[in-house]
Amino acid sequence: MSFPISLIRVCLTLYLLLIVFELQAQDSTVYYKASVTAAGATAQTPFWQHANQYGSIPLNGNFGIIDAGIYKVYNPHNPRLLQWSAGVQGIASYGKSENVFLSDLYAALKIGKVEILAGQKRMTAGLVDTTLSSGSLAMAGNARPYPRIQISVPDYWPLYFTNNFVSIKFSYSDGYLGASGINYGSVTRIPDTYLHQKQLYFRLGNKSNRYRIYLGANHQAIWGGEKETMPLYRLDMLKAYWYTISGKTLDYKKVGNHFGTFDVGGEWHGKDWNFFLYRQNIYETGSLFKVSNFEDGLNGLSVKRTKPLPKGSSYFAFHSFLLEVIGTRNQTNLYPISELVLFERANYFNSYVYQRGWSYYGSGIGTPLAPPSPSTDANLPRNNSEFTNNNRFWAFHTGVTASWLNLNLSFRGTYSRNSGSFLTPFEDVRQQVSLWLGVEKNLNILKGCSVYSALSSDIGKLYPNTYGLAIGLRKTGFLD
């Protein structure tokens, strides 16, 4: 039996980093995680089996997958001004096709509260409950991490002149997405496209307050190849970058494909439960710029238990609950008073210039509820110029975690009403239900690990009807 060269390289990289991290363990926090999973399905992989998994799960229904990673994280008890972190995660899957790649591969330096990072690392953007959510609208953790350089304040930083009542966090990054076909331009393909991303969020309320308010926004733009696609404007790369990050118009047009959200949220810390209410409001090219309305967006309510259960308890108990309502059907800018249409309709997660749309390695960067066209039912209309043929929908999503008899239980369920896109509208509304139920139990073997199983299904008219089963073993631990 022969092993792919790429798999050998991944294993060698993990082994070398393990040695380096062990040498550094005296003043750092180093941990590892690994899992082995086998899955099968009656058709393609069910939606909630692969969505928001950072592009790691194959879509072909039947597969086996090995996932292993080693990370050095910052030591919160280390008083030094300078700290560093790094991580690598390798994924190898086998099914109808083999796939081996590095999901995470990054190094970061932290100077006080400010972090400088280079590489690819799992990240999301926007106010949302990341544990159970359907996914942030702009960056959901659905696609593979892309290589980037980023400067950020990753954790809320209290402003001392406000008596710590106001805290901020922000990030500014530029990443590389690769080549893309061109829909409209003087060439049909360009070798390089890039993703610019920035976000700024404020938190009102300190640790002693039971109520906290969150406000902020994120801005993303895919750009590249302007010199080739728009030769009349003679835009070199530096000038095109400036137009992209500033949102400046060029002959009444935006440079790049822009997308983001304005977010607001409120949090209440109770004695036994925490409540988090949030809203993401969409803007798209142009919108800050052109399309901005109050109908489209994501609304969520998250409830989490804070009071721990009695030690050794085995009775049934809820730990968290989530409800979200997501709408993207409008996509039209309306004047708030007269409701006059000021600009043309948008085309969320697609691009009039780049065929890749809002995607990386074939998976959507934004919410997975706007899926890549090849994953939808073969009888639905699609257009080669669009990444997704369904970006107009209303979706109702819920998630629950609980425990019972020393089992950890989790559930996700989504009901959606799907209308296609403005370029490829469906003849009628396609209803869809996607379900996922997981069970996990800790074992006293291998110095602590867990076994898990999940049932999932897609029932409706958007995806092929399918039922799936996954079983696996996972282990995590610290090296120091």
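Quick rundown of the values:
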| read-out | value |
| --- | --- |
| Rounded percent of accessible protein surface that carbon and sulfur make up, segment 94-231, 1.4 Å probe | 60 percent |
| Spread of Cα-to-Cα distances over 10 Å intervals beginning at zero, given as percent, for segment 295-441 | 10, 31, 28, 18, 10, 3, 0 |
| Label-point gap, in nm, between Phe161 and Leu301 - each point 7 angstrom along Cα→Cβ | 4.0 nm |
| Calculated from backbone phi, Karplus (6.51, -1.76, 1.60) coupling profile of segment 185-190 in Hz, x at Gly/Pro | x, 7, 10, 9, 7, 10 |
| 5 angstrom amide H check on Thr45, placed H, neighbours 5+ away | Asn60, Gly61 |
| Theoretical gain in end-to-end length, Ile459 to Tyr361 [0.36 nm per residue, Cα-Cα removed] | 32.7 nm |
| Amide hydrogen neighbours beyond the local backbone of Ala125, cut-off 5 Å, H modeled | Met139 |
| For segment 345-480: relative contact order, % (alpha-carbon pairs under 8 angstrom, 6 or more apart) | 17 percent |
| Using a Förster distance of 60 Å, the FRET efficiency for Val451-Leu232 (Cβ separation, nearest 0.05) | 0.45 |
| Amide H partners (placed H, <5 Å) of Leu177, local residues excluded | Thr193, Tyr194, Leu195 |
| Stokes-Einstein D (µm²/s) once Rh is taken as the Kirkwood radius of segment 31-151 over alpha-carbon pairs, at 20 °C in 1.002 mPa s | 134 µm²/s |
| Kirkwood-based Rg to Rh ratio, the chain, C-alpha trace | 0.95 |
| Formal net charge of residues neighbouring Arg234 (Cβ-Cβ distance under 12 Å; K, R +1; D, E -1) | -1 |
| Modelled FRET efficiency - R0 56 Å, Ala317 with Ser246, Cβ distances, 0.05 increments | 0.65 |
| In sequence order, calculated HN-Hα J values of segment 242-247 (Karplus, 6.51, -1.76, 1.60; Hz; x Gly/Pro) | 4, 4, 5, 6, 8, x |
| At 1.306 mPa s and 10 °C, Stokes diffusion of segment 163-253 via Kirkwood alpha-carbon radius, µm² per second | 101 µm²/s |
| Of all accessible heavy-atom area on segment 321-448, the percent that carbon and sulfur account for (1.4 Å) | 58 percent |
| nm² value of the averaged projected area, convex hull over the Cα atoms of segment 73-231 | 13.5 nm² |
| Accessible solvent surface per residue of segment 347-400, calculated while the other protein chains remain in place, 1.4 angstrom probe, Å² | 32 Å² |
| Average accessible surface area per residue within segment 37-196, 1.4 Å rolling probe, Å² | 42 Å² |
| J(HN,Hα) series, segment 399-411, from Karplus relation 6.51 cos²θ - 1.76 cosθ + 1.60, nearest Hz, glycine and proline x | x, 9, 10, 7, 9, 6, 6, 6, 10, 9, 10, 8, 9 |
| Listed peptides 231-242, 29-40, 361-372, 433-444 by packing density, highest first (mean Cβ within 10 Å) | 361-372, 29-40, 433-444, 231-242 |
| Kirkwood estimate for segment 171-217, i.e. one over the average of 1/r between Cα atoms, Å | 14.3 Å |
| Net +/- balance of residues flanking Arg210 in space, Cβ distance below 15 Å, scoring K and R +1, D and E -1 | +4 |
| Estimated FRET transfer efficiency (Asp272, Asn444; beta-carbon r; R0 45 Å; 0.05) | 0.90 |
| Computed [θ] at 222 nm, deg cm²/dmol, the chain (DSSP H ≥ 4; -39,500 (n - 2.57); rounded to nearest 500) | -2000 deg cm²/dmol |
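The values are calculated or read from the model by the stated rules, or taken from the named source; none is laboratory data. None of these values were measured; they are calculated from a predicted model. No Cβ is skipped: glycine too gets one built from the backbone with ideal geometry, and neighbour counts run over all protein chains shown. For the accessible areas, the whole protein counts, side chains as well, though only heavy atoms, and no ligand, DNA or RNA atoms are used. Shrake-Rupley method; radii C 1.70, N 1.55, O 1.52, S 1.80 Å.
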